Number of protein chains: 2
Amino acid sequence: MELDEINPNVLNVKPSAMRKFDHDISSDPQIVKLTLGEPNFNVPEHIKKAAHEAIDKNESHYAYYWGVEELREAASNYYRDKFGYHYTKDQIVVTVGATEALSSTVKTLFKPGDAVILPTPAYPLYNALLTLNDLKTILIDTSDSGFVLTPEKVQQAISDYPDYNIKGLILTDPNNPTGVAYTQEQIENLAPVLKDNGIWVISDEIYGELTYGQAHYSISKLLPDQTIVINGLSKSHAMTGWRIGFVFGPTGFIDQIAKVHQFTVTTPTSIVQYASIEALTNGQNDAAAMRKEYLKRRDFVAKEMKEAGFDVVHPGGAFYVFAKIPAGLHMDSWDFVKTLAKEYHIGLMPGDAFGDNAYIRISYAASDEALSTAMKAIKQMVKDKTKEKV
Amino acid sequence: MELDEINPNVLNVKPSAMRKFDHDISSDPQIVKLTLGEPNFNVPEHIKKAAHEAIDKNESHYAYYWGVEELREAASNYYRDKFGYHYTKDQIVVTVGATEALSSTVKTLFKPGDAVILPTPAYPLYNALLTLNDLKTILIDTSDSGFVLTPEKVQQAISDYPDYNIKGLILTDPNNPTGVAYTQEQIENLAPVLKDNGIWVISDEIYGELTYGQAHYSISKLLPDQTIVINGLSKSHAMTGWRIGFVFGPTGFIDQIAKVHQFTVTTPTSIVQYASIEALTNGQNDAAAMRKEYLKRRDFVAKEMKEAGFDVVHPGGAFYVFAKIPAGLHMDSWDFVKTLAKEYHIGLMPGDAFGDNAYIRISYAASDEALSTAMKAIKQMVKDKTKEKV
């Protein structure tokens, strides 16, 4: 059978360069990786205990496909208390991590040919999902506005693409890869242009609990009828590999996405759903200790990278530093990360994976020791390679 | 925001009538359910132990998106030994149950407008996936050929739809809902017409270990270059709610589906992947005890249903009896199951959910006591309702 006749949208999409690069460098036993957005914390003990109990109670049967009712109830309460979300349990579907929340949302909202705005740099999953679903992507470069999407930029995109049926925007706040956390004022400025133009907002708030010195403000408060919120337990409770996410949205939308979700995965792992009830009921403060550590590390990495000659945007949230490679190195992001991996055994992500080849992304969801080793190596490499070029 | 502008394929698909009906009748505290295809066995203790250990070892991080390598290696060996599959670990992707294996396969293989053959009665997921992906569905009724798809029927469909680009066939063997297990001879008869017409076969073999008196024979042996095999641990190891499935296919296809899979869910739950290594390494005989029980129950249910006046197709596999409602009742499948649930507190699935309104499906993945209660109630209902009609 010939493969060239299969779905062209699948052929057109590239595998994640991020995960491939991470996988490739993992064969180096000396490598210190600051690549993936993966907490180096373990799942809190009380949640692990709840998972053990769910196994012992033989919770091995299908959960109702929307997700266990008690979990949706717990999510409704938890996120209302944390961020003021207004969603009832019947406006929530439990998904296989934020990834499935996003993929099912994109599939549900848009039809082939619709256009979606994507501020860049951006997490590569979004672009892949738009390609897979045969959607037009309007990239908006935010590097000249502090990596913040402004209403003027949205208005400009609408003017630039008069023939496009612009149906949606994907907003990541706090942002991956830049670490930028939108202020309430920035969100309030942005909302009207989206409302006026009837643009659905897919608001990926997976890093919502990881903000430093400011509270997360969700755009769903201003645009409740046209916002789909994505969240989950991967970052707040260090449960990445356990795969629990949530979609929150208006009732009519939730009824539709529930079908897509059901026919895509049935439902997430039952024992993890039960453990997640514990996370959302008694784990309100699980992120606090992590946040404290992350803040220390952020300050350390940002300082060190500036000393090494990088431009660093102020990261108000998440656990990334997005740093501009010193011009004196004459290196793009792939040159930089490949050299750093090969010669200095440190793994970073190239900005190109996110749409900006002049930057590299450092995940500081790593141990102090790893960060210290990495900073030394980066400084050394800048010194070595600047010399070589002279 | 108006929902009538969202993806029309999503609007067009109906939520699973099966799961909704099951959910609705569950509010009756007296209900005895023989509805879902859900083993009443628990996950074997050695697999639960492995899951406990994975939690304690903090296996909470992202697995590589193809699935944990050791698990793919174990799957390669296990299914080679069980059914003679020829797939190496690099021709396997670990999925969120068989559902995600199917949804990612359909998404990968076909482009909007392609046509896919679906023998009926069929598990409703298939039809929903074809609608969601904007594919044309060619239904082939198999009720007049003992619920077996014959080459003549495929040839007839090709002649009947000369303008269709027939790209695929979904085969479920052993079958849900009919319980029919194809013989090697039936598979050998079927293969040539598929080969000659370049039709991809999606072979759902999730019930492969549950055959009675005959060995499962996979069509992948005859059509290795155009078969995608779907399997998983839900039925063989009673792990439905734990959500582990596998896709097996030719290398070129696997490279493509790996992208769809990654961008749909990232990867299944890590702790369950580690537990699944144990299932496939030391759980070769886990299904044997279940199979023995299922066989006894099958014989009991088939006998009782015949006595009650139903036509029953001989179920050679899976754990379903598909039974034709006695003509004297003048009831279609919804009338029958709704009356049985409301007045007799027994839950069955209407054949209409699978495309044949003259039948009901009984899952005998239930306790002897539940089956005995159900059989009595069904006999009573047939007696009562036949009287009423006279």
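Please treat every number below as a calculation from the coordinates, not as lab data. Predicted model, so just to flag it, every value in this text is computed and none were measured. We place every Cβ from the backbone using ideal geometry, glycine too, and count neighbours over all the protein chains shown.
What FRET efficiency do you get for B:T88 and B:D332 if R0 is 56 Å and r is their Cβ-Cβ distance, rounded to the nearest 0.05? Calculated value: 0.70.
For B:L190, neighbours were defined as the other residues whose beta-carbon sits under 13 Å from its Cβ, and their charges (Lys and Arg +1, Asp and Glu -1) total -2.
Copy B relates to copy A by a rotation, and the B residue whose beta-carbon is nearest that axis, with the distance in whole angstrom, is B:T269, 2. Using the Stokes-Einstein relation with a Kirkwood hydrodynamic radius computed over Cα pairs, the translational diffusion coefficient of the range B:265-390 at 20 °C and a viscosity of 1.002 mPa s comes to 132 µm²/s. Could you give, in nm with one decimal, how far A:D225 is from each other copy of that position, shortest first, with labels 7 Å out from Cα toward Cβ? Between copies, matching label points for A:D225 lie 5.7 nm apart.
For the range A:161-282, what class follows from the C-alpha gyration tensor (a ≥ b ≥ c being the square roots of its eigenvalues): rounded when a/c is under 1.5, otherwise prolate if a/b is larger than b/c, else oblate? Note, shape of the range A:161-282 comes out oblate. Scanning residues 5 or more positions from B:I228 or on other chains, those with amide H under 5 Å from its amide H are B:V201, B:I202, B:S203, with H placed 1.01 Å from N in the peptide plane. Distance between the 7 Å Cα→Cβ label points at A:I31 and B:I31: 5.0 nm. Neighbour counts of other Cβ atoms within 10 Å put A:F336, B:F300, A:F147 in the fewest-to-most order B:F300, A:F147, A:F336.
Sorted shortest first, the separations between the B:K306 label point and its copies elsewhere in the assembly read 8.4 nm; each point sits 7 Å from Cα along the Cα-to-Cβ line.
The simple spin-label model puts a point 7 Å past each Cα toward its Cβ; for B:E388 and A:K49 those points are separated by 5.3 nm. So what's the gap between the Cα centers of the range A:325-390 and the range A:251-314, to the nearest angstrom? Here the answer is 26 Å between Cα centres. Derived scalar couplings between HN and Hα for the range A:164-176 equal 8, 8, 7, 10, x, 9, 9, 10, 10, 9, x, 8, 10 Hz in order, rounded to whole Hz, by the Karplus curve 6.51 cos²θ - 1.76 cosθ + 1.60 (θ = phi - 60°), x for Gly and Pro.
Taking label points 7 Å from Cα along the Cα-to-Cβ direction, A:D299 and A:N77 give a separation of 3.5 nm. Distances between copies of A:P326, taken at a point 7 Å out from Cα along the Cα→Cβ vector and listed shortest first: 9.0 nm.
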